[in-house]
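The values are calculated or read from the model by the stated rules, or taken from the named source; none is laboratory data. Values in this document were obtained by computation on a predicted structure and should not be read as measured data. With ideal geometry, Cβ positions are generated from the backbone for all residues, glycine too; neighbour counts draw on all protein chains shown.
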2 protein chains.
Amino acid sequence: MDKPYLLFLGDVPDQLAAKTARGIADWRPEWVVGQLRLPGCNADAGVPDTTVAEAAQKGARTMVVGVAFSGGVMPSHWVGTIVSAIEAGMDIASGLHDRLGDVPEIADAAAKHDRKLYDVRHSTQRFSTGKGHKRTGKRLLTVGTDCSVGKKYTVLALEREMLARGMKARFCATGQTGVFIAERGVAIDAVISDFIAGAAEWLSPDNEPDHWDLIEGQGSLFHAAFAGVTLGLLHGAQPDALVLCHEPTRTHMRGLKHMPIPKLEDCFEPYLHHAYLTNPEAKFIGISMDTHLLSPTEAERVLKSTEDRFGLPCCDPLATGTGAIVDRLTS
Amino acid sequence: MDKPYLLFLGDVPDQLAAKTARGIADWRPEWVVGQLRLPGCNADAGVPDTTVAEAAQKGARTMVVGVAFSGGVMPSHWVGTIVSAIEAGMDIASGLHDRLGDVPEIADAAAKHDRKLYDVRHSTQRFSTGKGHKRTGKRLLTVGTDCSVGKKYTVLALEREMLARGMKARFCATGQTGVFIAERGVAIDAVISDFIAGAAEWLSPDNEPDHWDLIEGQGSLFHAAFAGVTLGLLHGAQPDALVLCHEPTRTHMRGLKHMPIPKLEDCFEPYLHHAYLTNPEAKFIGISMDTHLLSPTEAERVLKSTEDRFGLPCCDPLATGTGAIVDRLTS
């Protein structure tokens, strides 16, 4: 995909729904000219607001539909803006389940203006079913109390820290945002369900004994909509190391107001129990918390008390870095 | 799909791989004129062997590619036989992941002879993500120690028994064989993984308080390739009643020779633990065993000792019927 990007946020109702745009802006800011938001948008990728015309003038080559919400259906009132970006000379990239080319107005505009449409959620890769054989090399997987609790940010921060220490490490993207950032990977929630574990095995093949694949977790074993994806990924990833991710202010499961967040202490055993099926050596090596909604004092207190309570390093990947977790990999 | 059917078994290596053909022959024998097997086929649907020409003469309207193996890819040396059935005037129906129309020779022959191609594994239904809300009516789900251990036969036998008693019951198919038999349902392993639980919710909507949806289980929570499908289906089905299915001579997980079958006593708690997320009232009401590889004496001994050991009725759906399990639903 040609860079730089204009990030399109539409009129999504909250910050979490714009996590693709935010993820690209946070981890690849040099690729971004600005964001385009429609009236009513309650999200912010933290980059300058811009129009299609301004973005085109700044050289934007691709408009990224930078949203990721449950189900992933394209709202019809976004189509006009997408067509105008095509008319301004941009390719379009989307991480939604809906394919851009299935919207006639978008397909027609792309054909007329000779622009490309990218559906990064749809891999052209063909997968096998999982085999469960032990692979060489090391693997770390982030898992969560809920969806959208920092599983991707944690592995990206771990990759940065490990590479800075001269370790062999690679971020393995399993969601549309990660695929945008890494420019490789597979949106595992868009894979045919028979092949979830097989796709995870494909993503992280045999490697050198001291090489770490840092695999982005998906969903949560405790989420009534997405636990199947989480479990298939866990089996296929066969992690040596697990990091539990949590957002301490969350009161209910993402998108399911009637379902409470599980307690941290109730999460370790279920994940380990299932991890043992493909890797009997799996263990938790840390806890990662997204504390940005807490005051710095409160965040520090929560991280410290969680660390003391479970005897595991507890970090915020953005606020404190992940050094203490990486120490566990090298000790 | 027009009936009657010719069942095509190809040259599959074992009986389990022909379970679609066998399932149709066992549960809908009145729809079947015979089976067509290639040299080297190690399976038998228990119906007369026939050629394409003989089947056409007996009035076969559709040839069903009646196999279901891991991954579901169409072997290229089957294409000639499929084309000859089209040339003999039959439509073709398949439960493989590969679409019939993606094989150029098959697509060309179907177009030339104006025949229909059915890919029953591919639903045209659009699903939502799971919501986890409690639905009205009752639900039973079969779960397994492994794949291919009688989960479908158990619910079909339960449906037969319950309807004979005048109860309100309906078989809900979740695999290609079940969809052939029921002529409705969804092949849940072919659904995009984000929508596994949502598809199960769609399959079994609100119903009368005394109506039982009998939902065909898939895979196994203990299978390294397919546990994600199993878990998503469990959450979406929100079963009130669970029946554990088992094949007592199996020594390793289907297709994974390095992985042993779990012990029965280790299966109940993991299934219940996950079932509670969407239905805190879930409970096991019976055990179903496929004992056809045992002698009648040995089968009787195993069923009786398992029943005594776990305090649950233990049936073979074909050999003993499922009456004792249905008794638990009415008591």
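Is it true that some residue in region B:206-221 is within 13 Å of chain A (Cβ to nearest Cβ), farther than 22 Å from B:ASP26 by Cα and touching a residue at least 12 places away in the same chain (Cβ under 8 Å)?
Yes, some residue in region B:206-221 is within 13 Å of chain A (Cβ to nearest Cβ), farther than 22 Å from B:ASP26 by Cα and touching a residue at least 12 places away in the same chain (Cβ under 8 Å).
For region A:155-162, indicate whether the set of residues that are in a loop (DSSP other than H, G, I, E, B), surrounded by fewer than 23 Cβ atoms within 10 Å (Cβ to Cβ) and of a type in the set (Asp, Glu) is non-empty. Working first, answer last.
The initial filter retains those residues of region A:155-162 that are in a loop (DSSP other than H, G, I, E, B), namely none.
Within region A:155-162, none of the residues are in a loop (DSSP other than H, G, I, E, B), surrounded by fewer than 23 Cβ atoms within 10 Å (Cβ to Cβ) and of a type in the set (Asp, Glu).
Residue by residue, here is whether (1) within 30 Å of B:ASP146 (Cβ to Cβ); (2) more than 18 Å from the chain's Cα centre (by Cα); (3) assigned by TED's automatic domain parsing to the domain that holds B:ASP98; (4) not basic (Lys, Arg) holds:
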{"site": "B:LEU9", "(1), (2), (3), (4)": "yes, no, yes, yes"}
{"site": "B:ALA18", "(1), (2), (3), (4)": "yes, no, yes, yes"}
{"site": "B:ASP26", "(1), (2), (3), (4)": "yes, no, yes, yes"}
{"site": "B:CYS41", "(1), (2), (3), (4)": "yes, yes, yes, yes"}
{"site": "B:ALA55", "(1), (2), (3), (4)": "no, yes, yes, yes"}
{"site": "B:GLY59", "(1), (2), (3), (4)": "no, yes, yes, yes"}
{"site": "B:SER76", "(1), (2), (3), (4)": "yes, yes, yes, yes"}
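Please go through region B:205-236 and give me each residue that is crowded, with 24+ Cβ neighbours inside 10 Å and polar (S, T, N, Q), ordered by number.
B:GLN218, B:SER220, B:THR230, listed by residue number.
Specify the residue that is nearest to the chain's Cα centre (by Cα); the eligible residues are those in region B:102-137 that are exposed (fewer than 14 other Cβ atoms within 10 Å of the Cβ) and more than 30 Å from B:HIS211 (Cα to Cα). First the steps, then the outcome.
First, pick out the residues of region B:102-137 that are exposed (fewer than 14 other Cβ atoms within 10 Å of the Cβ): B:102, B:104-105, B:108, B:111-112, B:114, B:124-126, B:133-134, B:136.
Pick out the ones that are also more than 30 Å from B:HIS211 (Cα to Cα) and you get B:102, B:104-105, B:108, B:111-112, B:114.
On the way: B:ASP102: 25, B:PRO104: 29, B:GLU105: 29, B:ASP108: 31, B:ALA111: 31, B:LYS112: 33, B:ASP114: 30 Å.
Among those that are exposed (fewer than 14 other Cβ atoms within 10 Å of the Cβ) and more than 30 Å from B:HIS211 (Cα to Cα), it is B:ASP102.
Taking the condition of being more than 19 Å from A:ASN279 (Cβ to Cβ) and of a type in the set (S, T, N, Q), how many residues in region A:238-264 meet it?
Residues meeting the conditions: 2.
Output the qualifying pairs, or none if there are none: Cβ atoms under 7 angstrom, residues six or more apart or on different chains, first residue in region B:313-331 and at positive phi, second residue not aromatic (Phe, Trp, Tyr).
If the second residue must be not aromatic (Phe, Trp, Tyr), the pairs left are B:GLY321/B:ALA157; B:GLY321/B:GLU161; B:GLY321/B:CYS315.
Kindly indicate whether A:GLN238 is in contact with a strand residue (DSSP E or B) (Cβ under 8 Å, 6 or more places away or on another chain), under 21 Å from A:VAL155 (Cα atoms) and in the same structural domain as A:GLU161 (by TED's automatic domain parsing).
yes
Testing B:PHE195 on (1) aromatic (Phe, Trp, Tyr); (2) assigned to a helix (DSSP H, G or I); (3) outside the structural domain of B:ALA275 (by TED's automatic domain parsing), one condition comes back false. Which one is that?
Just one mismatch for B:PHE195, condition (3).
Being free of Cβ contacts under 8 Å to residues at least 60 places away in the same chain and under 30 Å from A:HIS235 (Cα atoms) is the filter here; which residues of region A:97-132 pass it?
Matches in region A:97-132: A:ASP98, A:ARG99, A:ASP119, A:THR124, A:ARG126.
Among B:THR230, B:THR291, B:THR278, which is the only one that is part of a loop (DSSP other than H, G, I, E, B) and under 18 Å from the mean Cα position of the chain (by Cα)? Full working, then the answer.
Working: B:THR230 fails: part of a loop (DSSP other than H, G, I, E, B); B:THR278 fails: under 18 Å from the mean Cα position of the chain (by Cα).
Every option except B:THR291 fails the conditions.
Could you count how many residues in region A:263-322 are among the acidic types (Asp, Glu) and either crowded, with 18+ Cβ neighbours inside 10 Å or not assigned by TED's automatic domain parsing to the domain that holds A:VAL155 (or both)?
2
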